[in-house]
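Right, one structure below, let's go through it.
The values are calculated or read from the model by the stated rules, or taken from the named source; none is laboratory data. In this text the structure is predicted, and so the values were computed from the model without any measurement. All accessible areas refer to the heavy atoms of the entire protein, side chains included, with ligands and DNA or RNA removed. Shrake-Rupley method; radii C 1.70, N 1.55, O 1.52, S 1.80 Å.
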Amino acid sequence: MRLTILAAGALLPLAACNQGPSTEESARRTGEVRLENASMEEVAKQSAAADSKAPSQPGMWEETMQLTGFEPGGAPEAQVAPLKAQVGKPPQTQRGCRTERDGKPLDVSKFPAMAKSCRFAKYVTAGGKVDAAMDCDTPLGKSRVSITGTQTPAAYDLVMKQSQTVPGQTKETSMTFRVTGKRVGKCKA
């Protein structure tokens, strides 16, 4: 199980540049994706095409996740106390073997349930940088997930923030996670 994607509920990559939107063909050729107002399906297709240029390296990976920030909004203290207690604690770390089929940590094709309710305001992965923002309609109202950082075939370091104003509350609730991963060797046979 990858800590990266599951923890924040969704993820994605990008680095802003003043270039036009990418196409599947340009993503395959350059390994870069630059999209605005894009569907999950469009991002998944272009990301898969870009991965053919620099696929994630299979092997033993070490991955960490840490809750670095939490704003409870107007939620009752009893509900938010467990999350508040996690802020700043040492990251959770796990190791696991990844195959070529596992792909990169921010593989949006692995979130089919979100395809109908989420859309990327922007999704950019270029030059090893990630900059993405996704808006979703959830049962608890609109939610925004942003992801920034770096991602290469052998490592990633991403900050993901999810924010939402729950119906009946006036203040926004947000959580910020830092997720990292690096290839640490070959898998044992």
- From (1) at positive phi; (2) open to solvent by less than 40 Å² (accessible area, probe 1.4 Å); (3) part of a loop (DSSP other than H, G, I, E, B), pick out the condition that doesn't hold for GLY149. (3)
- Task: Check whether at least one residue in the stretch 58-76 is assigned to a helix (DSSP H, G or I) and modelled with pLDDT under 95, and report yes or no.
- Result: no
- Task: Report yes if some residue within the stretch 165-180 is open to solvent by 60 Å² or more (accessible area, probe 1.4 Å) and in a strand (DSSP E or B); otherwise report no.
- Result: yes
